[in-house]
1. Among GLY69, GLY80, GLY99, which is the only one that is in contact (Cβ under 8 Å) with a residue 60 or more places away in the chain, under 22 Å from LEU332 (Cβ atoms) and surrounded by fewer than 21 Cβ atoms within 10 Å (Cβ to Cβ)?
2. Out of all the residues in the stretch 123-150, which are more than 16 Å from the ligand (Cβ to nearest atom), crowded, with 18+ Cβ neighbours inside 10 Å and not β-branched (Val, Ile, Thr)?
3. Check off (1) out of contact with any Lys or Arg (no Cβ under 9 Å at 6 or more places or on another chain); (2) in contact (Cβ under 8 Å) with a residue 60 or more places away in the chain; (3) crowded, with 20+ Cβ neighbours inside 10 Å for MET325 and give me the number that stays unchecked.
4. Counting only residues that are within 16 Å of ALA380 (Cα to Cα) and surrounded by 14 or more Cβ atoms within 10 Å (Cβ to Cβ), how many does the stretch 299-322 have?
5. Considering only residues that are assigned to a helix (DSSP H, G or I) and farther than 29 Å from ALA281 by Cβ, which ones fall in the stretch 313-332?
6. Kindly indicate the residue of the stretch 151-187 that is surrounded by fewer than 16 Cβ atoms within 10 Å (Cβ to Cβ) and among the hydrophobic types (A, V, I, L, M, F, W, C) and also nearest to the ligand (Cβ to nearest atom) among those meeting that condition.
7. When you scan the stretch 401-416, how many residues do you find that are surrounded by 15 or more Cβ atoms within 10 Å (Cβ to Cβ), in a loop (DSSP other than H, G, I, E, B) and either more than 9 Å from the ligand (Cβ to nearest atom) or among the small types (Gly, Ala, Ser) (or both)?
Amino acid sequence: MQLTGALFNVRDHCLAAFKSSADCKQVYCEVLRQSLIKGVMNHETALSKAKEIAERVLAPAARQNDKEGRFSTEAVDALGRAGLLGLMLPAEFGGAGLGSRTFAGVTATLAEADASVAMVYLMHICAAAMITTARPGAAVAQILKEIGTGGHLSTLAFSEAGSRSHFWAPVSRARPNGAGVRITAKKSWVTSAGRAHSYVVSTLAPEGTGPTDSTLYLVPVGLRGLSVEGSWDGLGLRANASAPMMLDDCEVPFGLQLTDDGRGFQAMLDVVLPQFNLGTAAVALGLCRAAVAATAAHLKSARFEHLGQSLGESLPTLRAQLAAMQIDTDGLSVRVDDLVEHLERPRDMTLLRVLETKAAAGDIAISVTSTAMRVCGGAAFSKRMNIERLFRDAHAGAVMAPTGDVLREFIARAVLGMPLF
Ligand SMILES: Cc1cc2nc3c(=O)[nH]c(=O)nc-3n(C[C@H](O)[C@H](O)[C@H](O)COP(=O)(O)OP(=O)(O)OC[C@H]3O[C@@H](n4cnc5c(N)ncnc54)[C@H](O)[C@@H]3O)c2cc1C
């Protein structure tokens, strides 16, 4: 049940790979220059930068971006300029070298203002972690530098039309091609599709024999055969461009192979899953906090004039429901903190906590925002407030893989001592 040592080795490993690369010197000078310009970031300054961006860039545009299904390039630019795209990259790459605690705090803060942007951010951080742990010799130093200096957005392209939410079992397969591989794959949802500068793509290894014998590749934008298939018009997270993508006989050079053949699945479990589940829980937490704040504001401002009281003063039932929302939100916050502690100091129960936290967060976000809809009545229903957007956005976490159902299945298997796969 323990996460492997890869969680501990991420930085040492990528630093070694980076130092052995040919363009090391030039990259090193540039990232040092950028670090001096940006100044050193710590947990507190990262959170205050996120808050400032959330208030200045995200909040004013969230309603309209949601309505139009418009991806916020302004938000990504602001996150890049603030150094937040390189949050977990080591300083040698121009990153802030911060950990899961700050990642969760930044993501929750962004989600309070706009969960679509927070999801874009979380996918990027997971992809960046994967690129950072690329196998020795991978030609990713330039891209890491671009991430570290805030000019590169990445994302995950795991889910396939053929295996749906079972992202651990891609049905596409890489075919060797002299200098690399050719990949043909139908990726069913890709957050930041057509907006990211690169995609971390899963596919079966050329000689893989089992359904999880996958390999991960980095596919930069502009590679021939890579295209976005249609637009994104979801119920929630409407501003995060989660469209399907197609890789049509895409030629990917060996230098962009991130894992050894057949090691993609393990990398997904070791590197991506913990941060993805933590980040999704942080998005849920931000949504719950926003729902509590919006509900409280409504209960204070909306009035029964004939009674001379606000809704909150007048109706104990509304106060009780607000209290339940607050209790659930604080409970989720404790869960997020608990998972952070587990990721900082992995131990026997860590994998279980990774699974539980996302499963619980999905349910809590749906429950808290549903209560907010009920408490705020017709005002929420008729879209006069942000609550219906929070309610719609809150439904994404539970259906994003690993889905809540799949997590519950894994948790029960773990409790029963059965193999997860
Ligand atoms: C907004 C959004 C953004 C996304 N972004 C990305 C992205 O950036 N990258 C990416 O790779 N994917 C992304 N996805 C895809 C996501 O991770 C899932 O793969 C997708 O939502 C699954 O939908 P489906 O219809 O294929 O589910 P299905 O697999 O068809 O599942 C249908 C139902 O069956 C349940 N189910 C499935 N298997 C089991 C099981 N073993 N036990 C119990 N119940 C089960 C599911 O929980 C679900 O309720 C995104 C999805 C959304 C909605």
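1. Numbers: GLY69 fails: under 22 Å from LEU332 (Cβ atoms); GLY80 fails: under 22 Å from LEU332 (Cβ atoms).
Answer to the selection: GLY99.
2. Step one: filter the stretch 123-150 for residues more than 16 Å from the ligand (Cβ to nearest atom), giving 132-150.
Within this subset, residues satisfying the condition of being crowded, with 18+ Cβ neighbours inside 10 Å are 132-134, 138, 140-141, 143-150.
Of everything in the stretch 123-150, those that are more than 16 Å from the ligand (Cβ to nearest atom), crowded, with 18+ Cβ neighbours inside 10 Å and not β-branched (Val, Ile, Thr) turn out to be ALA134, ALA138, ALA141, LEU144, LYS145, GLU146, GLY148, GLY150.
3. Status for MET325: all satisfied but (2).
4. Restricting attention to the stretch 299-322, the residues satisfying the condition of being within 16 Å of ALA380 (Cα to Cα) are 299-303, 311-312, 318, 321-322.
Filter once more, keeping what is surrounded by 14 or more Cβ atoms within 10 Å (Cβ to Cβ): 299, 302-303, 311-312, 318, 321-322.
Of the residues in that region, 8 qualify.
5. Of all residues in the stretch 313-332, those assigned to a helix (DSSP H, G or I) come to 313-314, 316-332.
Hits for the stretch 313-332 are GLU313, SER314, PRO316, THR317.
6. ALA161
7. Number satisfying all stated conditions: 1.
Residue by residue, here is whether (1) surrounded by fewer than 23 Cβ atoms within 10 Å (Cβ to Cβ); (2) free of Cβ contacts under 8 Å to residues at least 60 places away in the same chain; (3) in a helix (DSSP H, G or I) holds:
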residue	(1), (2), (3)
PRO206	yes, yes, no
GLY234	yes, no, no
ALA267	no, no, yes
VAL271	no, no, yes
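The values are calculated or read from the model by the stated rules, or taken from the named source; none is laboratory data. Quick caveat: nothing in here was measured; it's all calculated off a predicted structure. Cβ coordinates were reconstructed from backbone atoms using ideal geometry, including for glycine residues, and neighbour counts include every protein chain displayed.
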